[in-house]
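Below is one structure, written out as structure tokens, with a few remarks after it.
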Amino acid sequence: MTRVHDMGGRFGDGAVVPETEDVIFHADWHPRALAITLACGSLGLWNIDVSRHARECLSPKDYTRFSYYEKWMAALADLLVDTGAVSREELAQGAARGTSNLADKRLAAAAVAGVLAKGGPATRPSNVAALFVAGDTVRIRSIPENMQVPGGHTRLPAYAAGAEGTIVRQHGTHVLPDSNAHRLGEAPEPLYAVALRAQDIWAHPEHPEDEVILDLWQSYLIAL
Amino acid sequence: MLRDGRYLCKFAKRGKCGFGLWTFVYVGFHDRVMPHDHSDHDHPHSLLPSDPALRVKALETILTQKGLIDPAALDEIIDTYENKIGPKNGAHVVARAWSDPEFKAALLEDADPVLAELGYYGRQGEHMVVVENTEAVHNMVVCTLCSCYPWPLLGIPPGWYKSDAYRSRAVREPRKVLADFGVTLPEEQAVRVWDSTAEVRYLVLPQRPEGTEGMDEAALMALVTRDSMIGCGVAVSP
């Protein structure tokens, strides 16, 4: 079983509503929510996989009723408390009790451009040898779960589990989210783009030639 | 929980190997090893005000008072994504690719060095792949698990890209989703939907519209829409 965020292929959602390009945020507090989240990321208390997992760990009820940036704010509050950066009392009272000992890590306005431009690459050297090359046929693991941590983070969507696919591209060796989200190490391993035929994963594919391509780590794949 | 805010976690693994039963016990200090699922009112976030605008305000106040964020830095981040980084960057890349076959070949082969040279590198665009639309294949990009998107080239994702409807439907019924954008593909064109499940970000190189021969890069840029670079639209015909 996966969590509420894993919705690829789900039925029941309505129309997609296009927007013009001048709409960037939908409420005054949205840009603030984005900026607070990015600024807190610079404190170095978590990595991108930990923060994704925090959003996924919202209860299904909250995940569904919250708008996009509400999910971000809720996960941020949870992470700040989990890492000890902010206390439950401070959240409840809406005021700080003293200055944090992490204040020297605060992202300064002058550093913003540099931090955003620098990014955070996910490629790492790895001693896990690549087992596949483009053109190889593979089977995706049939259980879309974190194999190490019960209920843990994974980037294997349920709709792809158990399907047969073809390697179309090797992306090098990347940090494994299933490990990194739980602070168990970056465990880098080969990452591939894997093409699935729409007719192999959907009962009513729109077109016989359609494909879905996902980026999947080597440990998600089985040689055929 | 420990006094410094970390959890002491233990877990054990057991299994069988050729020599009999083995047990491996791992003990370590981690901020969070195991997911701690709570009912929704036990999450710390439920302590904040229920109105989202007040919730954000409360967090900003607490974090500013604690010295963890600088409101001026927030302004700078917002200015970056409202005014400096947006779909114009991607349109520049597409127009250049339409105009310069060598640039296009290099871009499709290995986008990262090509984009870095144009200054389009940064957060959420560290590992780029550009996929080309042709008469045979139409590419579309989605992130079914969250909202992964090539920020340095397209800016902040539009609301629909982050919506449940797009995330759930794009992989299963891309043509019906395209219909929501008023786009109909020729019957012979296959759709390839790229689900951004890792830190690789995808940009669609739309087909160059007919009747654009002789147009320069700046004129071509104006034909490249954000949606065409996600694969939910096509470039504008002049």
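Out of the residues in segment B:66-94 that are of a type in the set (A, V, I, L, M) and closer than 23 Å to A:VAL23 by Cβ, which is nearest to the chain's Cα centre (by Cα)?
Quick first cut of segment B:66-94, residues of a type in the set (A, V, I, L, M) only: B:68-69, B:72-74, B:77-78, B:85, B:91, B:93-94.
Still in the running and closer than 23 Å to A:VAL23 by Cβ: B:74, B:77-78, B:85, B:91, B:93-94.
Details: B:LEU74: 21, B:ILE77: 17, B:ILE78: 17, B:ILE85: 14, B:ALA91: 17, B:VAL93: 18, B:VAL94: 18 Å.
That would be B:ILE85.
Cβ-Cβ under 6 Å, sequence separation 6+ or interchain: first residue in segment A:114-136 and assigned to a strand (DSSP E or B), partner modelled with pLDDT of 95 or more. Which pairs?
Listed by first residue and then by second, the contacts come to A:THR123/A:GLY172; A:THR123/A:HIS174.
What single numbered condition from (1) more than 7 Å from chain B (Cβ to nearest Cβ); (2) touching a Cys at 6+ places or on another chain (Cβ under 9 Å); (3) under 30 Å from B:LYS84 (Cα atoms) fails to hold for A:PRO18?
For A:PRO18, the failing item is (1).
So, in segment B:213-238, exactly how many residues are surrounded by fewer than 16 Cβ atoms within 10 Å (Cβ to Cβ) and touching a helix residue (DSSP H, G or I) at 6+ places or on another chain (Cβ under 9 Å)? Working first, answer last.
Going residue by residue through segment B:213-238, those that are surrounded by fewer than 16 Cβ atoms within 10 Å (Cβ to Cβ) are B:213-214, B:216-219, B:222, B:236-238.
From what's left, touching a helix residue (DSSP H, G or I) at 6+ places or on another chain (Cβ under 9 Å): B:216-219, B:222, B:236, B:238.
Result for segment B:213-238: 7.
Specify the residue that is nearest to A:GLN170 (Cα to Cα); the eligible residues are those in segment B:105-133 that are within 13 Å of chain A (Cβ to nearest Cβ) and part of a helix (DSSP H, G or I).
B:GLU109
Right, B:PRO209: surrounded by fewer than 23 Cβ atoms within 10 Å (Cβ to Cβ) and either modelled with pLDDT under 95 or more than 12 Å from every other protein chain (Cβ to nearest Cβ) (or both) or not?
Numbers: surrounded by fewer than 23 Cβ atoms within 10 Å (Cβ to Cβ): yes; either modelled with pLDDT under 95 or more than 12 Å from every other protein chain (Cβ to nearest Cβ) (or both): yes.
Against the criterion (surrounded by fewer than 23 Cβ atoms within 10 Å (Cβ to Cβ) and either modelled with pLDDT under 95 or more than 12 Å from every other protein chain (Cβ to nearest Cβ) (or both)), B:PRO209 qualifies.
Got a sec? Which helices (runs of 4 or more DSSP H) wholly within segment B:134-201 have at least 1 residues that are farther than 22 Å from A:HIS30 by Cβ, at pLDDT 95 or above and more than 8 Å from every other protein chain (Cβ to nearest Cβ)? Let's see the steps before the verdict.
On the way: elements: B:151-154, B:164-169, B:174-180.
Answer list for segment B:134-201: B:174-180.
Within the set of pairs 6+ apart or on separate chains, which have a first residue in segment B:80-104 that is in the same structural domain as B:PRO150 (by TED's automatic domain parsing), a second that is open to solvent by 50 Å² or more (accessible area, probe 1.4 Å) and of a type in the set (Lys, Arg), and C-beta atoms under 7 Å apart?
From residues that are in the same structural domain as B:PRO150 (by TED's automatic domain parsing), the pairs are B:ALA97/B:LYS104; B:TRP98/B:ARG208; B:PHE103/B:ARG96.
Return a yes/no flag: does segment A:199-209 have any residue that is of a type outside the set (D, E, K, R), touching a Ser or Thr at 6+ places or on another chain (Cβ under 6 Å) and more than 10 Å from chain B (Cβ to nearest Cβ). Before you say what the answer is, go through the steps one by one.
Of segment A:199-209, the ones of a type outside the set (D, E, K, R) are A:199, A:201-205, A:207-208.
Now restrict to residues that are touching a Ser or Thr at 6+ places or on another chain (Cβ under 6 Å): none.
Scanning segment A:199-209 turns up no residue that is of a type outside the set (D, E, K, R), touching a Ser or Thr at 6+ places or on another chain (Cβ under 6 Å) and more than 10 Å from chain B (Cβ to nearest Cβ).
Just to be sure, is A:ARG141 more than 7 Å from chain B (Cβ to nearest Cβ), of a type in the set (D, E, K, R) and buried (at least 16 other Cβ atoms within 10 Å of the Cβ)?
Spelling it out, A:ARG141 is indeed more than 7 Å from chain B (Cβ to nearest Cβ), of a type in the set (D, E, K, R) and buried (at least 16 other Cβ atoms within 10 Å of the Cβ).
Can you name the residue in segment A:43-77 that is among the hydroxyl-bearing types (Ser, Thr, Tyr) and open to solvent by 40 Å² or more (accessible area, probe 1.4 Å) and is also nearest to the chain's Cα centre (by Cα) among such residues?
A:TYR68
All but one of (1) acidic (Asp, Glu); (2) over 20 Å from A:ASP215 (Cβ atoms); (3) surrounded by 15 or more Cβ atoms within 10 Å (Cβ to Cβ) hold for B:GLU102; state the number of the condition that does not hold.
Failed condition: (3).
Checking the conditions here, which among A:GLU164, A:GLU189 is in contact (Cβ under 8 Å) with a residue 12 or more places away in the chain and in contact with a Lys or Arg (Cβ under 6 Å, 6 or more places away or on another chain)?
Numbers: A:GLU189 fails: in contact with a Lys or Arg (Cβ under 6 Å, 6 or more places away or on another chain).
Residue meeting the stated conditions: A:GLU164.
For A:ALA95, indicate whether it is buried (at least 21 other Cβ atoms within 10 Å of the Cβ), at the interface with chain B (Cβ under 8 Å from one of its Cβ atoms), of a type in the set (Gly, Ala, Ser) and out of contact with any His (no Cβ under 7 Å at 6 or more places or on another chain).
no
Just one of the numbered conditions (1) open to solvent by 70 Å² or more (accessible area, probe 1.4 Å); (2) modelled with pLDDT under 90; (3) more than 9 Å from chain A (Cβ to nearest Cβ) is not true of B:HIS38; which one?
For B:HIS38, the failing item is (3).
What do you reckon, is A:THR154 open to solvent by 50 Å² or more (accessible area, probe 1.4 Å), of a type in the set (Ser, Thr, Tyr) and either assigned by TED's automatic domain parsing to the domain that holds A:HIS53 or not in a strand (DSSP E or B) (or both)?
No.
Which of the following residues is under 16 Å from A:LYS105 (Cα atoms) and either surrounded by fewer than 17 Cβ atoms within 10 Å (Cβ to Cβ) or outside the structural domain of B:GLU213 (by TED's automatic domain parsing) (or both): B:ALA73, B:ALA58?
B:ALA73
The values are calculated or read from the model by the stated rules, or taken from the named source; none is laboratory data. The model shown is predicted, which means the values in this text are computed figures rather than measured ones. All Cβ positions, glycine included, derive from the backbone under ideal geometry; neighbour counts span all protein chains shown. What goes into the accessible areas is simple: the full protein's heavy atoms, side chains included, and nothing from ligands, DNA or RNA. Shrake-Rupley method; radii C 1.70, N 1.55, O 1.52, S 1.80 Å.
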